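Worksheet for the structure shown next.
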Amino acid sequence: MPSEFPALPPEWGLELSAEQSRKLSAYAAALRGMSGRLNLVSPSDLNAIETRHIADSLAGAVLLRRLVPAGGTVLDAGSGAGFPGVPLAIALPGLDFTFCDSSLRRFQFLTWTISRLGLRNARALHARLGQWKGPLYSAVVQRAMGQLENILPQCLNITAPGGYFLAWQTAAQVAADRPAVAAALAAAGGAQAEDARYSLPGEKEERHILVLARKG
């Protein structure tokens, strides 16, 4: 396997074993090798996969570790190339992950990735959130699926009562006046529990993960 993954900021409180860091590096190598054929990552991001995508995904690991009990279930809604689900599954072997995507091509890549990396705590699912007939999850995570007010109702709807929906957001998104988000959150029976702030290695821009709780 490739060399160890670059160190994360110590203030994140996330320590990776040598095996975990090797799996993250192997995942980055697979994305670079297959992205051209499968359109997984923007060409302009290929040299920054570790920071811009994988580390950004791992920013949610400590939150999930605190919010979801051991053995809990996590759905990556619209996983795409596997962000944030694959890095989180590597970092949190005590949780059970499902990577959901409506694209057959990406579902096949996720299935291959799970096998390639030996992720025993993960499975891929080919499905659309709008046609959901599956179980409810302890937590749902979403990193890049468009307007929050549009995806929020679907994600909270498949979150178990008392569970959490974690939405990755930019500083500009959080700072904007978004009455549609507040209305969607109230209509879905949710409430904002936390706004976790962080910065990626080598960047000064502040990023956010909104923790939205589904009322029990």
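The values are calculated or read from the model by the stated rules, or taken from the named source; none is laboratory data. In this text, all values refer to a predicted model and were calculated from it rather than measured experimentally. Every residue, glycine among them, receives a Cβ derived from its backbone with ideal geometry; neighbour counts consider all protein chains shown.
Please tell me if LEU88 is in contact with a strand residue (DSSP E or B) (Cβ under 7 Å, 6 or more places away or on another chain), in a helix (DSSP H, G or I) and within 27 Å of GLU194 (Cα to Cα). Even if it seems obvious, please write down each step before you answer.
Details: in contact with a strand residue (DSSP E or B) (Cβ under 7 Å, 6 or more places away or on another chain): yes; in a helix (DSSP H, G or I): yes; within 27 Å of GLU194 (Cα to Cα): yes.
So LEU88 fits the description; yes.
I'm checking my understanding of the structure. Among residues of the stretch 126-147 that are of a type in the set (A, V, I, L, M, F, W, C), under 15 Å from the mean Cα position of the chain (by Cα) and in a loop (DSSP other than H, G, I, E, B), which one is modelled with the highest pLDDT?
Restricting attention to the stretch 126-147, the residues satisfying the condition of being of a type in the set (A, V, I, L, M, F, W, C) are 127, 129, 132, 136, 139-141, 144-145.
So of that shortlist, the ones also under 15 Å from the mean Cα position of the chain (by Cα) come out as 139-141, 144-145.
From what is left, the residues that are in a loop (DSSP other than H, G, I, E, B) are 144-145.
Numbers: ALA144: 81, MET145: 74.
Checked the stretch 126-147; the qualifying residue modelled with the highest pLDDT is ALA144.
Is there a residue being among the basic types (Lys, Arg) and more than 25 Å from ALA213 (Cβ to Cβ) anywhere in the stretch 21-29? Outline the logic, then answer.
So the first thing to find is which residues in the stretch 21-29 are among the basic types (Lys, Arg), and the list is 22-23.
The next check asks that each one be more than 25 Å from ALA213 (Cβ to Cβ); those that pass are 22-23.
Yes.
Scan the stretch 62-82 and tell me whether some residue there is in contact (Cβ under 8 Å) with a residue 40 or more places away in the chain and under 15 Å from LYS23 (Cα atoms).
Within the stretch 62-82 (the criterion being in contact (Cβ under 8 Å) with a residue 40 or more places away in the chain and under 15 Å from LYS23 (Cα atoms)), the answer is yes, since at least one residue qualifies.
Quick one: THR159 ticks every box in (1) surrounded by fewer than 22 Cβ atoms within 10 Å (Cβ to Cβ); (2) over 30 Å from ALA26 (Cβ atoms) bar one, so which box is it?
The number of the failed condition is (1).
State whether the residues of the stretch 1-23 include one that is crowded, with 21+ Cβ neighbours inside 10 Å, assigned to a helix (DSSP H, G or I), out of contact with any Asp or Glu (no Cβ under 7 Å at 6 or more places or on another chain) and among the hydrophobic types (A, V, I, L, M, F, W, C).
No, there is no match, as no residue in the stretch 1-23 is crowded, with 21+ Cβ neighbours inside 10 Å, assigned to a helix (DSSP H, G or I), out of contact with any Asp or Glu (no Cβ under 7 Å at 6 or more places or on another chain) and among the hydrophobic types (A, V, I, L, M, F, W, C).
Search the stretch 158-183 for residues that are within 24 Å of ARG65 (Cα to Cα) and pair each with any residue that is of a type in the set (Ser, Thr, Tyr) when their beta-carbon atoms are under 7 Å apart and the residues are at least 6 apart or on different chains.
ILE158/TYR137; THR159/TYR137; ALA160/TYR137; ALA160/SER138; GLY163/TYR137; GLY163/SER138; PHE165/THR159
Restricting the stretch 177-204 to residues that are assigned to a loop (DSSP other than H, G, I, E, B) and of a type in the set (A, V, I, L, M, F, W, C), which is farthest from GLY146 (Cα to Cα)? Even if it seems obvious, please write down each step before you answer.
Looking only at the stretch 177-204, we keep the residues that are assigned to a loop (DSSP other than H, G, I, E, B), and these are 177-178, 188-189, 199-204.
Now restrict to residues that are of a type in the set (A, V, I, L, M, F, W, C): 188, 200.
Values: ALA188: 18, LEU200: 21 Å.
Checked the stretch 177-204; the qualifying residue farthest from GLY146 (Cα to Cα) is LEU200.
Has the stretch 163-185 got at least one residue that is within 24 Å of ALA81 (Cβ to Cβ) and of a type in the set (Asp, Glu)?
Taking every residue of the stretch 163-185 in turn, none turns out to be within 24 Å of ALA81 (Cβ to Cβ) and of a type in the set (Asp, Glu).
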